[in-house]
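A.B. asks: Below you'll find the structure I mean.
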């Protein structure tokens with residue numbers, strides 16, 4: 001019988017179900033637990049945390065997950081691969097080692113993969129000729145250099161493989177691709193050559209199916225009424241074999257569903273050109289994927305084709321782009337819409353009288369057009385609407401001006417139209433706007449680092 005490994009998804013984003021990774025480890029046999037915490041905006045949030053506290057900048061709840069599954073890691077040899085390290089993987093490692101000491105458990109190794117955070121290196125990289133042009137606008141990164149908040153390289157599976165070769169039981173990474181967290185264990189376990197691009201594509205697709213947690217096992221499912229037991233939804237597991245094929249499944253007795261539709265919906269998630277899914281490890285052709293119903297909550301995936309990767313890494317950078325303020329007021333019948341419209345006009349005019357700098361002033365009437373662009377005049381029976389939530393969003397380069405505007409919202413309750421029935425969240429305050437800067441950099445300009453520590 002050919003070798004088979006089971007890789008379980010335990011987290012689809014930072015803030016996913018807290019019990020999911022623990023259940024994946026304790027409710028059935030797995031070999032690897034893959035936990036994806038990072039989205040593009042997450043890196044900028046973590047970078048801000050680290051600036052305030054040098055020991056912050058990682059997913060702190062990951063440490064408590066590890067604390068709870070340390071017996072399985074040390075006794076059952078379950079390995080964990082996660083990008084929970086964010087912008088401070090060494091601090092995350094220190095917290096895990098401390099937790100292990102507190103629990104009286106040892107005898108395992110923790111690997112740290114970093115080198116992806118290149119924020120401090122950007123000025124030198126630009127001087128060397130790396131323009132890091134925005135992939136959408138073509139502008140060089142020098143135009144926003146002074147406003148940059150974070151800049152991280154998407155590494156692939158290679159450093160994960162190196163960490164496993166060095167005996168790591170828990171792998172903490174910075175910005176490694178979501179798919180690389182799954183592909184790395186498959187390369188290591190099956191001895192795949194990284195030049196075998198069909199195998200690289202197979203592992204990449206497996207990682208893509210796992211990366212969003214329960215989204216491939218019934219969560220966010222179009223035909224959601226088919227799902228039984230959302231309360232105890234099971235997260236997906238990939239059963240992989242050496243030839244690159246695998247079965248998507250979940251633990252028996254858990255809620256949710258794994259079927260052709262659930263897997264297809266996840267396959268379509270964030271792929272762009274399906275023939276050209278680019279990662280640091282390969283270019284996968286999603287049109288080559290073959291799916292087969294393999295039984296209850298089992299879908300076989302095979303036939304995946306891949307090509308040689310490009311010479312570039314992708315960079316996910318973020319920069320400060322001014323400030324925003326949002327506020328809501330709820331107006332009731334009669335004439336709820338007219339009241340909300342009048343309130344928005346009053347607020348805007350008061351802002352003008354105060355000479356506040358507003359770069360953008362947007363208004364939505366939730367209950368009427370908050371989720372679409374339907375013109376108000378096309379809505380029938382406007383006068384019969386029982387309730388309208390006025391939602392105002394304002395942008396400005398001046399934080400103080402937005403905060404001053406925020407002081408004008410609550411007074412509308414007694415100095416504007418009648419029948420305000422809802423005012424939530426207290427006085428609104430300005431918050432930072434973080435903009436995204438995607439770019440490419442030659443692979444020879446950045447090198448991942450792998451260090452292994454004994455617990």
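A.B. asks: Report the relative contact order of segment 317-436, percent, no decimals, based on alpha-carbon pairs under 8 angstrom and at least 6 residues apart.
C.D. replies: Rounded, it is 49 percent for segment 317-436.
A.B. asks: Could you tell me the distance between the Cα centroids of segment 167-190 and segment 306-367, to the nearest Å?
C.D. replies: 39 Å
A.B. asks: From the helices alone, meaning DSSP H stretches of at least four residues, give me the mean residue ellipticity at 222 nm for the chain, per-run term -39500 (n - 2.57), in deg cm²/dmol to the nearest 500.
C.D. replies: Working: 12 runs with 128 residues, N = 455.
Calculated mean residue ellipticity at 222 nm is -8500 deg cm²/dmol.
A.B. asks: From Cα coordinates alone, what are the radius of gyration and Dmax values for segment 100-239 in angstrom?
C.D. replies: 19.6, 57
A.B. asks: Using the Cα atoms of segment 317-436, I'd like the radius of gyration and the largest Cα-Cα distance, Dmax, both in angstrom.
C.D. replies: Rg and Dmax of segment 317-436, Cα atoms, are 14.9, 48 Å.
A.B. asks: Moving on to the next point. Which parts of segment 418-455 would a label at residue 135 reach, counting a residue when its backbone N lies under 15 Å from a point 7 Å out along Cα-to-Cβ?
C.D. replies: Flagged as within label range: 436-443.
A.B. asks: If neighbour count is taken as other Cβ atoms inside 10 Å, put 362, 6, 350 in order from fewest to most.
C.D. replies: 362, 350, 6
A.B. asks: Please work out the C-alpha center-to-center distance from segment 241-305 to segment 387-447 and express it in whole Å.
C.D. replies: Measuring centre to centre over Cα atoms gives 39 Å.
A.B. asks: Give the order of 135, 35 when sorted by the count of other beta carbons within 10 angstrom, beginning with the fewest.
C.D. replies: Going from least to most buried by this count: 135, 35.
A.B. asks: Counting pairs of alpha carbon atoms under 8 Å apart in space and at least six apart in sequence, what relative contact order in percent does the chain give?
C.D. replies: 18 percent
A.B. asks: Write down the Å³ per residue value for the convex hull defined by the alpha carbon atoms of the chain.
C.D. replies: 178 Å³
A.B. asks: Then there's this: For segment 63-182, state the semi-axes of the equivalent ellipsoid (square roots of 5 times the eigenvalues of the alpha-carbon gyration tensor), sorted largest first and rounded to whole angstrom.
C.D. replies: Computed over segment 63-182, the values are 35, 14, 11 Å.
A.B. asks: Right, another one. So for 318, 326, fewest C-beta neighbours within 10 Å to most, what's the order?
C.D. replies: 326, 318
A.B. asks: Determine the gain in length on full extension of the stretch residue 454-residue 98; use 0.36 nm per residue of separation and subtract their C-alpha separation, reporting nm with one decimal.
C.D. replies: That works out to 127.0 nm of additional length.
A.B. asks: In whole angstrom, and with the biggest value first, how far do the Cα coordinates of segment 264-313 range along each principal axis?
C.D. replies: Cα extents, longest axis first: 42, 19, 15 Å.
Each reported figure results from applying straightforward, stated rules to the coordinates on display, with no laboratory input. Here the structure is a predicted model, which is why all the values come from computation and not from measurement. We place every Cβ from the backbone using ideal geometry, glycine too, and count neighbours over all the protein chains shown.
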